[in-house]
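The values are calculated or read from the model by the stated rules, or taken from the named source; none is laboratory data. Here the structure is a predicted model, which means the values were calculated and not measured. Here Cβ is always computed from backbone atoms with ideal geometry, including for glycine, and neighbour counts include all displayed protein chains.
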Amino acid sequence: MKQLEDVKTLMSKWIADLNNSYIRDTFNSIESGKMVRSKLMFLIGDNRDEVVPLASIVELIHMASLLHDDVIDEADTRRGKPSVNATEGTKVSIMMGDILYSKAFVELGKYDQATIEAVAGAVTKLSIGEIEDVNLAKEFNSDENLYMGMIYRKTASLIETACRVSAIATDEDPEIYGEYGKNLGMAFQIIDDLLDIVSTSEELGKPALNDFVEGKTTLPYIYLYEQMGESDREKLKSLHGRVLSKDENSWILDKFKEFGVIKLTFRKAEEFSNRALEVIEDEEMVELQDIVETLMYRSF
Ligand code: FPP
Ligand code: MG
């Protein structure tokens, strides 16, 4: 997609305009990833040029959130490369995030009130979602509603907003595309959480069951807990938030199998992805449908 290159070029220009070679080089060393948010925005906005700056704003905010998230999660890698916090230190990673985020807001200031409010509101939600994620990880969480609210804010809200503001900019219906993005985002995060369990550590580039080791009781663990008897529940809780031995690792994986939890979780993701497909049913947007399929059936 040529437009994605335009987004990369504009982001690099905005950062180069700051006239600091260290910041420019550090920025350019960051892998841009799949740019799912931009892709969605161009598909909704029929590849129109006015989407380029708006998509660049969203991508900068997304990058900023990952720079902060990798500090919070103490992650050494991001997109298969050493993370900025690993190579440059946590202080640089946090401030690089601040620069990308505030530069995005300088550009956002040129837009209409509805767009500004939507994007600024999404960043607030993102940050609240990240705090919820951190706090929920302190204890074993078995509350599905808390998990759903957290992933909505942490992940789905920015995707929802990206779709919404692209629709505003290109005279499409923001409600329809916002609802599509929200449901796609929910499905995306649930699949991400599932992949932490079903992928090998080589595929993930991090240890298997890493979320649970980090204290994150994602949806499969919540479903497992709901299905189990009391003594299994106690054992599961006792393993929460610590490094697992080989036997403990296999015990959890066996229990997932025993209770059909992977299928159950996948079905929940499907509820969201079906809803995303349903809301765009009348729009005849094959590529937006394809993105839903791709996200649902990706392997890692
Ligand atoms: C990845 O989660 C993180 C997010 C989706 C959002 C994080 C948001 C913030 C840190 C707030 C950002 C604030 C500003 C001002 C930009 P994850 O750890 O589950 O996923 P991962 O495996 O990709 O790290
Ligand atoms: Mg993380």
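Quick rundown of the values:
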{"quantity": "Positions within the stretch 161-182 being under 19 Å from residue 7 (Cα atoms), surrounded by 22 or more Cβ atoms within 10 Å (Cβ to Cβ) and either of a type in the set (S, T, N, Q) or under 16 Å from the mean Cα position of the chain (by Cα) (or both), in sequence order", "calculated": "161, 162, 163, 166"}
{"quantity": "All positions within the stretch 91-119 that are touching a helix residue (DSSP H, G or I) at 6+ places or on another chain (Cβ under 7 Å), surrounded by 15 or more Cβ atoms within 10 Å (Cβ to Cβ) and among the hydrophobic types (A, V, I, L, M, F, W, C)", "calculated": "92, 94, 96, 99, 100, 104, 108, 116, 118, 119"}
{"quantity": "Residue within the stretch 222-239 that is among the acidic types (Asp, Glu) and at pLDDT below 95 present", "calculated": "no"}
{"quantity": "Of all residues in the stretch 120-133 being of a type outside the set (Gly, Ala, Ser) and surrounded by fewer than 21 Cβ atoms within 10 Å (Cβ to Cβ), the one that is nearest to ligand 1 (Cβ to nearest atom)", "calculated": "130"}
{"quantity": "Residue list for the stretch 28-79, restricted to those being within 16 Å of ligand 2 (Cβ to nearest atom) and touching a Ser or Thr at 6+ places or on another chain (Cβ under 7 Å)", "calculated": "67, 70, 71, 75, 76, 77"}
{"quantity": "Identity of the residue in the stretch 217-255, among the charged types (D, E, K, R) and within 21 Å of residue 135 (Cβ to Cβ), that ends up surrounded by the most Cβ atoms within 10 Å (Cβ to Cβ)", "calculated": "237"}
{"quantity": "Residue 94 vs. criteria in contact (Cβ under 8 Å) with a residue 60 or more places away in the chain and of a type in the set (A, V, I, L, M)", "calculated": "no"}
{"quantity": "Residue 69 within 18 Å of the chain's Cα centre (by Cα) and over 16 Å from residue 164 (Cβ atoms)", "calculated": "yes"}
{"quantity": "Elements of type helices (runs of 4 or more DSSP H) in the stretch 221-300, at least 2 residues being under 26 Å from the mean Cα position of the chain (by Cα) and free of Cβ contacts under 8 Å to residues at least 40 places away in the same chain", "calculated": "261-279, 286-297"}
{"quantity": "Helices (runs of 4 or more DSSP H) within the stretch 1-110 that include 1 or more residues within 12 Å of ligand 1 (Cβ to nearest atom)", "calculated": "36-44, 51-72, 84-88, 90-108"}
{"quantity": "Pair list, Cβ under 8 Å, 6 or more apart: the stretch 62-86 residue on the phi > 0 side of the Ramachandran plot, other residue within 11 Å of ligand 1 (Cβ to nearest atom)", "calculated": "79/33; 80/205"}
{"quantity": "Every pair of residues 6+ apart whose Cβ atoms lie under 7 Å, when the first sits in the stretch 115-129 and is without any contact (Cβ under 8 Å) to a residue 24 or more places away in the chain while the second is surrounded by 20 or more Cβ atoms within 10 Å (Cβ to Cβ) and part of a helix (DSSP H, G or I)", "calculated": "116/108"}
